[in-house]
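The values are calculated or read from the model by the stated rules, or taken from the named source; none is laboratory data. Here the structure is a predicted model, which is why all the values come from computation and not from measurement. Every residue, glycine among them, receives a Cβ derived from its backbone with ideal geometry; neighbour counts consider all protein chains shown.
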């Protein structure tokens, strides 16, 4: 059973890495996805480093429309301008 879980995790990671490589840098908006984790108190959060770009869009409206159609189970989605990377610290 544990092997199946590891294989599924590796498959998900491979798919996310592959899709991240296909995102175009010419887009104005990127849809980012991150796997949720559970804290000891039961609340869910997404580690900042877990976000990966999933798709690129010309407009914010297109990105938000795509975000609505994404599966929410165990994942959190963000639409951000292409100049913003949620994995990096904010500039001062």
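Residue 9 - would you say it is modelled with pLDDT under 95 and loosely packed, with under 10 Cβ neighbours inside 10 Å? So residue 9 does not fit the description; no.
Residue-wise test of (1) at pLDDT below 85; (2) assigned to a loop (DSSP other than H, G, I, E, B); (3) surrounded by 14 or more Cβ atoms within 10 Å (Cβ to Cβ).
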| site | (1), (2), (3) |
| --- | --- |
| 3 | yes, no, no |
| 13 | yes, no, no |
| 27 | yes, yes, yes |
| 63 | no, no, yes |
| 66 | no, no, yes |
| 73 | no, yes, no |
| 86 | no, yes, yes |
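Close Cβ contacts (under 8 Å, 6 or more residues apart or on different chains) running from residues in the range 55-67 that are in contact (Cβ under 8 Å) with a residue 40 or more places away in the chain to residues that are assigned to a helix (DSSP H, G or I) and exposed (fewer than 13 other Cβ atoms within 10 Å of the Cβ) are absent.
The set of residues in the range 49-59 that are exposed (fewer than 14 other Cβ atoms within 10 Å of the Cβ) and touching a strand residue (DSSP E or B) at 6+ places or on another chain (Cβ under 8 Å) comprises 58, 59.
In the range 35-53, the residues that are at positive phi and at pLDDT 95 or above never reach a residue that is part of a loop (DSSP other than H, G, I, E, B) and exposed (fewer than 11 other Cβ atoms within 10 Å of the Cβ) with C-beta atoms less than 8 angstrom apart, at least six apart or across chains.
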